[in-house]
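The values are calculated or read from the model by the stated rules, or taken from the named source; none is laboratory data. These numbers come from a predicted model, not from an experiment. Note: ideal-geometry Cβ built from the backbone for every residue, glycine included; neighbour counts use all protein chains shown. Side chains are part of the model used for accessible areas, which takes the heavy atoms of the whole protein and leaves out ligands, DNA and RNA. Shrake-Rupley method; radii C 1.70, N 1.55, O 1.52, S 1.80 Å.
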Amino acid sequence: MATIVLAAAGMALGESVGGSFLGLSMSVIGRAAGAAIGRSIDQRLLGGGGEAVETGRVDRFRLTGASEGAPVMQVHGRMRVAGQVIWATQFLESVSTTGGGKGAPTPTVTTYSYSVSLAIALCEGSITRVGRVWADGIEISRDDLNMRVYAGDEDQGPDPKMEAVEGAGAVPAYRGMAYVVLEDLALGRFGNRVPQLSFEVFRPAAEKPPEEAEDLARLIRGVALIPGTGEYALATTPVYMAEGYGADVPANINSASGKTDFLTSLDALTEELPNVGSVSLVVSWFGNDLRCGGCLVRPKVEQSAVEGPAMPWLVSGLSRTTAQLVPTLDGSPVYGGTPADAAVMEAIREIRRRGRKVVFYPFILMDQLANNALPDPWTGGTGQPPLPWRGRITLSMAPGRAGTPDQTATADAEVAAFLGNCLPSHFVPAVTSVGYTGPAEWGFRRFILHYAHLCALAGGVDSFCIGSELRSLTQIRGAGGFPFVAGLRTLAAEVKTILGPSCKIGYAADWSEYHGYQPEGTGDKLFHLDPLWADPAIDFIGIDNCLSSVLLSFTRSNHGPQGPEIPS
């Protein structure tokens, strides 16, 4: 288009100038110049000319094959593979008729549909699971397929569908090869043809050959379920946020499985780590100050405008409209909200239903952002670090700093303010939540006792942490001892009463605090946690080491003069 327009404009300009150059009239020269400029513009906008254009090329083919003599694939880790068809039935035609009949106003409609059963070899076994499945490049739910997975074990038997078609004893078991069988795959949505299928295959690498040692995935016995936030992240019930009439947005369904995120995650855990027997269930409330005397620990939500009717958000007597909001950064919450009580209960029951133990792990996330005006107890300046570690919660001025109230009655009072005054009797279990009737405060005791009652309401848990990595709090010295350690001992006894003697109670210490406390600038070594470790209500010593929680259990006979011994 630009070529035509500018050629005409150039010719008109040449005619207005008149004359000639090298025997060519100015109108001809103007038309040629305009056409050249227009052609350049057209090439830029529309392509073509001397620039090469490539379309339709793919960088990798994942095509399901059916070749004789094809090599068997080896997989290490996680890989998307297409595999080879090793068996298939004839197409099965189904006919259905609707309408018609004597005097019927509508014609008879006959519909034909087709299905097929096939087996697809994936790789050399043994795999732990098949994750996602794609058909013609589009992820589909595994629950939409009648699919059986054979992990490639050396003792797997032949598939029953294959035997039903071919006859008993006429089907190999394909031992040592991982494969899937798709039984009666409906082909209508694929244009009455077998689609190009590909599968996400998980095969952990073993440190030694399988005959000598288990692979790493089968050696893992416990995991921590994080991040511990998300209002409905732990729910097994699908929750839709009612953003308007006919505009329901799923809050906890984000995969093609069609299941809630929590159930999808547990399915993956079951298949990828088959020997996991213990799950640490992390649930978070939010602290707002590194000075323990003014730090409130409370549940929060991501937004207050839209509710999920299937599971209204309720936590410790708060509703969505009465709870505070998680701080935002660039228009988005810095954390997910606290999981709803009903979601936590569903998670506990589902984990236990699947035969795994639950370690309940209450977790404090600090939510102060950058450029805040809070006094920093560690520097004496204004402005606490953004999103700090909970292990930095301390006195109004940290021990060892000028003006610290450490080793005074003021330290006792600040710790008491952080703990709060609520009692176990202030909590009222309902059907799907635990209410609260105590003083209007948001102390640490309310946080821990709320979840002790909630765990009991859910049917109980196997273990319960009364805190984790509160390093600077446990090292505070009052007028006559370590007041926060004493507070933890009281909590341990109360939680034990709520959850019963079969539930193991412990504190998950930071790796730097569990063995003792050495005040800055001194040669002292104070075994400040020994009274907690030796308390009759404490059943295990927990050590948080970087991203891993190591839970060490001890019998009462392990307790020596300085508390329980730590075995190597």
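Of the residues examined, Thr410 is not one that is polar (S, T, N, Q) and within 30 Å of Glu307 (Cα to Cα).
The strands (runs of 3 or more DSSP E) located wholly in the range 426-509 that include 2 or more residues which are open to solvent by 10 Å² or more (accessible area, probe 1.4 Å) occupy 427-429, 434-436.
In this structure, does Pro531 turn out to be open to solvent by less than 50 Å² (accessible area, probe 1.4 Å), over 23 Å from Ile364 (Cα atoms) and not hydrophobic (A, V, I, L, M, F, W, C)? Before the answer, list the steps.
Working: open to solvent by less than 50 Å² (accessible area, probe 1.4 Å): no; over 23 Å from Ile364 (Cα atoms): yes; not hydrophobic (A, V, I, L, M, F, W, C): yes.
When the stated conditions are applied, Pro531 does not pass them.
Hey, any hits in the range 402-423 for a residue that's within 20 Å of Gly500 (Cβ to Cβ) and in a helix (DSSP H, G or I)? Quick ask: steps written out before the conclusion?
Within the range 402-423, the first condition is being within 20 Å of Gly500 (Cβ to Cβ), and the residues that meet it are 423.
Right, trim to in a helix (DSSP H, G or I) and you get none.
Within the range 402-423, not a single residue is within 20 Å of Gly500 (Cβ to Cβ) and in a helix (DSSP H, G or I).
The one condition from (1) assigned to a strand (DSSP E or B); (2) touching an Asp or Glu at 6+ places or on another chain (Cβ under 6 Å); (3) of a type in the set (D, E, K, R) that Arg175 does not meet is (1).
Output the residue which, of all residues in the range 278-308 that are of a type in the set (Gly, Ala, Ser) and open to solvent by 30 Å² or more (accessible area, probe 1.4 Å), is farthest from Pro386 (Cα to Cα). Per the criteria, the residue is Ser278.
Scanning the range 327-345 for residues that are crowded, with 20+ Cβ neighbours inside 10 Å, under 20 Å from Arg390 (Cα atoms) and either small (Gly, Ala, Ser) or free of Cβ contacts under 8 Å to residues at least 60 places away in the same chain (or both) yields one hit, Gly337. Within the range 213-226, if we keep just the residues that are within 17 Å of His76 (Cβ to Cβ) and open to solvent by 50 Å² or more (accessible area, probe 1.4 Å), the residue that is modelled with the lowest pLDDT turns out to be Glu214. In this structure, does Ser117 turn out to be at pLDDT 90 or above and among the polar types (S, T, N, Q)? Spelling it out, Ser117 is indeed at pLDDT 90 or above and among the polar types (S, T, N, Q).
For the range 365-387, the tally of residues that are within 24 Å of the chain's Cα centre (by Cα), assigned to a loop (DSSP other than H, G, I, E, B) and buried (at least 16 other Cβ atoms within 10 Å of the Cβ) stands at 2. Sort out which residues of the range 418-463 are among the aromatic types (Phe, Trp, Tyr) and within 28 Å of the chain's Cα centre (by Cα), and write them in order of number. Scanning the range 418-463 gives Trp442, Phe444, Phe447, Tyr451. Contact map, the range 378-398: residues that are touching a residue at least 12 places away in the same chain (Cβ under 8 Å) and over 19 Å from Phe444 (Cβ atoms) paired with residues that are part of a loop (DSSP other than H, G, I, E, B) and among the hydroxyl-bearing types (Ser, Thr, Tyr), Cβ distance under 6 Å, separation 6+ or inter-chain. Pairs shown: Met397/Thr404. Only a single item in (1) touching a His at 6+ places or on another chain (Cβ under 8 Å); (2) closer than 29 Å to Gly435 by Cβ is not met by Ser502, and it is number (1).
Once the range 241-289 is narrowed to residues that are of a type in the set (Asp, Glu) and within 14 Å of the chain's Cα centre (by Cα), the residue that is nearest to Thr128 (Cα to Cα) is Asp267. If you go through the range 315-322 one residue at a time, do you hit one that is surrounded by 16 or more Cβ atoms within 10 Å (Cβ to Cβ) and touching a helix residue (DSSP H, G or I) at 6+ places or on another chain (Cβ under 6 Å)? Yes, there is a match, as at least one residue in the range 315-322 is surrounded by 16 or more Cβ atoms within 10 Å (Cβ to Cβ) and touching a helix residue (DSSP H, G or I) at 6+ places or on another chain (Cβ under 6 Å). Cβ-Cβ distances below 8 Å connect the following pairs, each with a first residue in the range 281-305 that is more than 20 Å from Gly317 (Cβ to Cβ), a second residue that is at pLDDT below 95 and in a strand (DSSP E or B), and a separation of six or more residues or different chains: Leu281/Leu225; Val282/Ala224; Val282/Leu225.
Applying a threshold of 8 Å to beta carbon distances and a minimum spacing of six or more residues, or different chains, the list of pairs starting in the range 82-97 at a residue that is over 18 Å from Thr64 (Cα atoms) and open to solvent by 90 Å² or more (accessible area, probe 1.4 Å) and ending at one that is charged (D, E, K, R) and part of a loop (DSSP other than H, G, I, E, B) is empty.
Looking only at the range 231-245, decide whether some residue is free of Cβ contacts under 8 Å to residues at least 40 places away in the same chain, open to solvent by 40 Å² or more (accessible area, probe 1.4 Å) and assigned to a loop (DSSP other than H, G, I, E, B). Please lay out each step first, then the result.
Start the filter on the range 231-245 by keeping residues that are free of Cβ contacts under 8 Å to residues at least 40 places away in the same chain, which leaves 244-245.
Subsequent filtering for residues that are open to solvent by 40 Å² or more (accessible area, probe 1.4 Å) retains 245.
Subset that is assigned to a loop (DSSP other than H, G, I, E, B): 245.
Within the range 231-245 (the criterion being free of Cβ contacts under 8 Å to residues at least 40 places away in the same chain, open to solvent by 40 Å² or more (accessible area, probe 1.4 Å) and assigned to a loop (DSSP other than H, G, I, E, B)), the answer is yes, since at least one residue qualifies.
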